[in-house]
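The values are calculated or read from the model by the stated rules, or taken from the named source; none is laboratory data. From a predicted model like this one, the values you see are computed outputs, not experimental measurements. Don't worry about glycine lacking a Cβ; one is built from the backbone with ideal geometry, like all the others, and counts go over all protein chains shown. We work out accessible area using only protein heavy atoms, side chains counted, and drop any ligands, DNA or RNA first. Shrake-Rupley method; radii C 1.70, N 1.55, O 1.52, S 1.80 Å.
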Amino acid sequence: MSVNRLEVPAEKLKRRCDPDELGFKTTDGLEPLEGTIGQDRAVSALDLSLDIDAPGFNLFISGPPGTGRNTALRSHLERIAGGRSTPPDWGYVHNFQEPSQPVAISLPCGMMREFATDMSDLVDSCQREIPSIFDSDDYTHRIEEVMREVQDKRQQMTNELEQEAQKEGFTLSFTQVGITPVPMEQGRQMTQEEFASLPEDRRSELNQGAERLQHSITHAMREFRRLNKEAGEKTAEVDIELARFTLTPIIDDLREKYADHPEVVDYLGRVDTDMIDHLEMFKSRSEPDPPPSPGMPNAPRDEDVFAKYRVNDLVDNATCEAAPVIFEYSPTYYNLFGRIDYRARFGTLTTDLTMIKPGALHLANGGYLVLQARDLIMSPLSWETLKRTLRSGEVRIENIGEQMSPLPSATLRPQPIPIDAKIILVGTPELLRLMRSGDEDFGRYFKVTADFDTLMDRTPENMSKYAAFVAARCRDGDLRPFDKTGVASVIEYSSRLVEDQDKLTTRFMDISDIITEADYWARKADSDVVAAEHVNEAVKQRNYRSSLTESRLQELIELGTINIATGGKATGQVNGLAVYSMGDHSFGKPSRIIARVSIGRGSVLNVERETQMAGKIHNKGFMILTGYLNGKYGQDGPLSLSASIGFEQTYSEVDGDSASSTELYALLSELAGVPIDQGIAVTGSVNQAGQVQAIGGAIYKIEGFYDVCKAAGLTGGQGVMIPVDNLRNLMLNDEVVDAVRAGKFHIYAVSTVDEGIEVLSGVAAGELQDDGSYPEGTVHALVVRRLAEMAKKARHRGRDGDGPSDGASDSEGGAASEDEG
């Protein structure tokens, strides 16, 4: 079989985009893209979730960063939110029955701000006008009239009491603790000694008089207290009467203005009653400030006394023209659920209802709240509190310290506010799987998932949309227009990013970056438009900036520190290919794989596995390789060989199964004794039937080995062998394509191990004949012969006592005399 038929022509190494088929000269003539392309599945999920108002139909948007998740979401939200009415405002007012629990009230959009202003005006008017009433001459005159009337009655009662005391031979002593009768003698008060020296009958007479007088005094004291109470009541009546001249008209106007809102009317009635019950706070404001204590600043005078009459307009939607759309990029507990602030006053922390602050959930009430899922679950208490909020249907404001405190504390506990918001989480597919598997409540509250893909079909329609995207990026970024060759290069670069000739990437962040960088190189070249050479230069420079590790590894290969042969032949030795990922840059480089065999018990040793430098997928691929050997050559008995296969000069973990075919070629070469062309590197996984399967990173592997060969000198016989299933993944750079076209480098595509070993060795693999043998001189025939020789030697060693023997029969199929294991 000629290997020429397995060689891939240059035309299949890269799918070109014909600029003339795009149908424009520059993007200036295109309508910029509006909306999202290539995400039909995700868009349908978006429409479903955003149009359903049932509980639990919140949305998780899944996709890698840069796929346009947030852009598509914002576009859809703006469209849908624009068709919904603006939600009502929310605010807090004082709870006169439970002062620690401010009352939540709702008003139509824009009215809460107006209500807060009205209440502030009410307080300001009362603070300004009521104290002036208490300072007026009219008020003083009316109070004096009340006090004069009471004083006259007190004086009359006092005179009557003194007259009665004189009749009994006493005078009255008025003190702060009461009225005390004192006996008189010859017009003066008796002393204790004089009273004690009186005759017994005289003392008895005075004591009896004192008792009668005490009854009168007790009655008089009751009357005095009644008069004082009456004076207070009359004074209060005057205060209330005069205060209502200011308060009642304002309250009545507000009641009329908010007559359609019963909760506001009820609150105004409570404000009216409370202000009347606490008129002394207005009187105190008319008094001068007390002098400061030595070394202390002036103390503010009851600055919070009127806070209970003010309104906290927590959520003000006056400026909204539709349902709110809130993107909260820092979903901490307080940013989501609100908080209660405090102010320091003389060493203590105080608060009031005006210091209650809203969270993103309050602001998004009646609309949409978008959160980054990773930030949400990493913020303490945020995820659990969000689930609790969705479960209860209301958002409660309470500070974290109060939640975690072992003892209750005296603070504000605002009434919860009913919540009606669509919650949208944005995250990666890995995070979605984690949340689904780790939280049983997740599916209950997020019933819809919008999966954003990383690629889309490379159809003429999608290429036209890609051009429109370039036009939109140029418009939004104030960039130079792209000509048709520039857009064609962007499309080709897009296919290269996804390693697929028939696909385009939907990670538009990467495309936007290359568009911006291409504009930079066009500006450096003084070009009015961005053409293909500017896009190619942007790609080249981006690779150069990120290729330091690649360059250092290439340098080690060129210096011979890492041994890679790019010419000649060797038995049991093949150049395998590996991909190195540095985050934003991937590249391929060859690794030498060597196989050695000896007589043994049918074991095939993986050096990387034995040294714990191999990953699970690589180990699986190696076990499949062993299965191929046993199935191909061990039909008549166990194999009498011991083989070891390893990657030379590798110092980190090896993973993936793309080297399994390479390892098999090295082993077949060693067993058959046929040398392998060192100018051809190999990649591809293999199954137990000997079929070569597709692998990842074919582009980078081919280009990596080409760079090594170019540095050593291209001979025209070098190349790379890949699985035929990877042909559609080839979007090689122009230098490699040109080298293949010129016959300086070759790409081979194989589908079976037999085709691969023939390309590498130049010897036919050989097909199994009717008699169960392979044609003489073929690779398989040579392998069978070698295994038979090894089995024969193993039997002789067993008979001579040099090794264990299990008495196996003498078969020509290469059966060993030892059982495996």
Next on the checklist: Scan the range 375-392 and tell me whether some residue there is touching a helix residue (DSSP H, G or I) at 6+ places or on another chain (Cβ under 7 Å), more than 24 Å from Val448 (Cα to Cα), in a loop (DSSP other than H, G, I, E, B) and open to solvent by 50 Å² or more (accessible area, probe 1.4 Å).
Outcome noted: yes
Checklist entry - Among (1) in contact with a Ser or Thr (Cβ under 6 Å, 6 or more places away or on another chain); (2) outside any strand (DSSP E or B), which single condition is Arg596 missing? => result (2)
Checklist entry - Before we move on, is Lys234 under 30 Å from Tyr309 (Cα atoms), out of contact with any Phe, Trp or Tyr (no Cβ under 6 Å at 6 or more places or on another chain), charged (D, E, K, R) and surrounded by 12 or more Cβ atoms within 10 Å (Cβ to Cβ)? => result yes
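The rows are residues; the columns are (1) open to solvent by 10 Å² or more (accessible area, probe 1.4 Å); (2) in a loop (DSSP other than H, G, I, E, B); (3) without any contact (Cβ under 8 Å) to a residue 12 or more places away in the chain; (4) of a type in the set (Ser, Thr, Tyr).
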residue	(1), (2), (3), (4)
Leu48	yes, no, no, no
Pro65	yes, yes, no, no
His76	yes, no, no, no
Phe96	yes, yes, no, no
Ser100	yes, yes, no, yes
Thr117	yes, no, yes, yes
Ile130	no, no, no, no
Next on the checklist: I'm checking my understanding of the structure. Among residues of the range 342-396 that are β-branched (Val, Ile, Thr) and over 19 Å from the mean Cα position of the chain (by Cα), which one is modelled with the lowest pLDDT?
Outcome noted: Thr348
Next on the checklist: Going residue by residue through the range 79-86, is there one that turns out to be free of Cβ contacts under 8 Å to residues at least 12 places away in the same chain and either among the aromatic types (Phe, Trp, Tyr) or closer than 24 Å to Phe508 by Cα (or both)?
Outcome noted: yes
Next on the checklist: Checking Ala72 against (1) assigned to a helix (DSSP H, G or I); (2) touching a Ser or Thr at 6+ places or on another chain (Cβ under 8 Å); (3) free of Cβ contacts under 8 Å to residues at least 40 places away in the same chain, only one condition comes out false. Which one?
Outcome noted: (3)
Checklist entry - From the set of residues in the range 304-347 that are assigned to a loop (DSSP other than H, G, I, E, B), in contact (Cβ under 8 Å) with a residue 60 or more places away in the chain and touching a strand residue (DSSP E or B) at 6+ places or on another chain (Cβ under 6 Å), which is farthest from Gly110 (Cα to Cα)? => result Val311
Item to check | Subset of the range 488-544 (residues that are among the small types (Gly, Ala, Ser) and surrounded by fewer than 20 Cβ atoms within 10 Å (Cβ to Cβ)) | outcome: Ser512, Ala525, Ser527
Next on the checklist: Between a residue in the range 536-561 that is under 16 Å from Pro590 (Cβ atoms) and modelled with pLDDT under 95 and any residue that is open to solvent by 60 Å² or more (accessible area, probe 1.4 Å) and not small (Gly, Ala, Ser), which pairs come within a Cβ distance under 6 Å, given they are 6 or more apart or on different chains?
Outcome noted: Thr549/Met582
Checklist entry - What is the residue count in the range 99-126 for residues that are under 17 Å from Leu247 (Cβ atoms) and in contact with a helix residue (DSSP H, G or I) (Cβ under 7 Å, 6 or more places away or on another chain)? => result 6
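Tell me which residues, restricted to the range 478-487, are open to solvent by 10 Å² or more (accessible area, probe 1.4 Å) and touching an Asp or Glu at 6+ places or on another chain (Cβ under 9 Å).
Leu479, Arg480, Pro481, Lys484, Thr485, listed by residue number.
This table checks each residue for (1) without any contact (Cβ under 8 Å) to a residue 24 or more places away in the chain; (2) of a type in the set (S, T, N, Q); (3) farther than 15 Å from Pro32 by Cβ.
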residue	(1), (2), (3)
Val470	no, no, no
Leu479	no, no, no
Lys484	no, no, yes
Ser489	no, yes, yes
Glu517	no, no, yes
Checklist entry - Hey, Val426 hits all of (1) more than 30 Å from Lys503 (Cα to Cα); (2) open to solvent by less than 20 Å² (accessible area, probe 1.4 Å); (3) touching a helix residue (DSSP H, G or I) at 6+ places or on another chain (Cβ under 7 Å) but one; which does it fall short on? => result (1)
Item to check | Residue in the range 8-28 that is of a type in the set (Ser, Thr, Tyr), open to solvent by less than 20 Å² (accessible area, probe 1.4 Å), touching a helix residue (DSSP H, G or I) at 6+ places or on another chain (Cβ under 7 Å) and more than 17 Å from Lys465 (Cα to Cα) present | outcome: no
Checklist entry - Do we have Tyr706 as outside any loop (DSSP other than H, G, I, E, B), in contact with a strand residue (DSSP E or B) (Cβ under 9 Å, 6 or more places away or on another chain) and open to solvent by 20 Å² or more (accessible area, probe 1.4 Å) here? => result no
Checklist entry - Any idea which residue in the range 197-206 is nearest to Glu164 (Cα to Cα), counting only those that are surrounded by 12 or more Cβ atoms within 10 Å (Cβ to Cβ) and out of contact with any Pro (no Cβ under 6 Å at 6 or more places or on another chain)? => result Glu205
Checklist entry - Within the bounds of the range 240-249, is there any residue that is more than 30 Å from Asp272 (Cα to Cα) and surrounded by 14 or more Cβ atoms within 10 Å (Cβ to Cβ)? => result no
Checklist outcome for this item: Exactly one of Arg436, Arg475, Arg444, Arg413 is open to solvent by 30 Å² or more (accessible area, probe 1.4 Å), basic (Lys, Arg) and outside any helix (DSSP H, G or I), and that residue is Arg413
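Checking the structure you have, find out if any residue of the range 189-196 is among the aromatic types (Phe, Trp, Tyr), over 21 Å from Met221 (Cα atoms) and surrounded by 15 or more Cβ atoms within 10 Å (Cβ to Cβ).
Within the range 189-196, one or more residues are among the aromatic types (Phe, Trp, Tyr), over 21 Å from Met221 (Cα atoms) and surrounded by 15 or more Cβ atoms within 10 Å (Cβ to Cβ).
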Checklist entry - Do we find a residue being under 34 Å from the mean Cα position of the chain (by Cα), at pLDDT below 95 and either part of a helix (DSSP H, G or I) or of a type in the set (Lys, Arg) (or both) anywhere in the range 564-587? => result no
Checklist entry - Any idea how many residues of the range 368-404 are without any contact (Cβ under 8 Å) to a residue 12 or more places away in the chain and of a type in the set (Asp, Glu)? => result 2
Item to check | Extreme residue, least open to solvent (accessible area, probe 1.4 Å), among residues of the range 574-611 that are among the β-branched types (Val, Ile, Thr) and without any contact (Cβ under 8 Å) to a residue 60 or more places away in the chain | outcome: Val607
Next on the checklist: Suppose we filter the range 218-271 for residues that are touching a strand residue (DSSP E or B) at 6+ places or on another chain (Cβ under 9 Å) and under 17 Å from Ile143 (Cα atoms); how many remain?
Outcome noted: 0
Checklist entry - Restricting attention to the range 736-777, and to residues there that are among the charged types (D, E, K, R) and open to solvent by less than 50 Å² (accessible area, probe 1.4 Å), which single residue is farthest from Leu714 (Cα to Cα)? => result Asp754
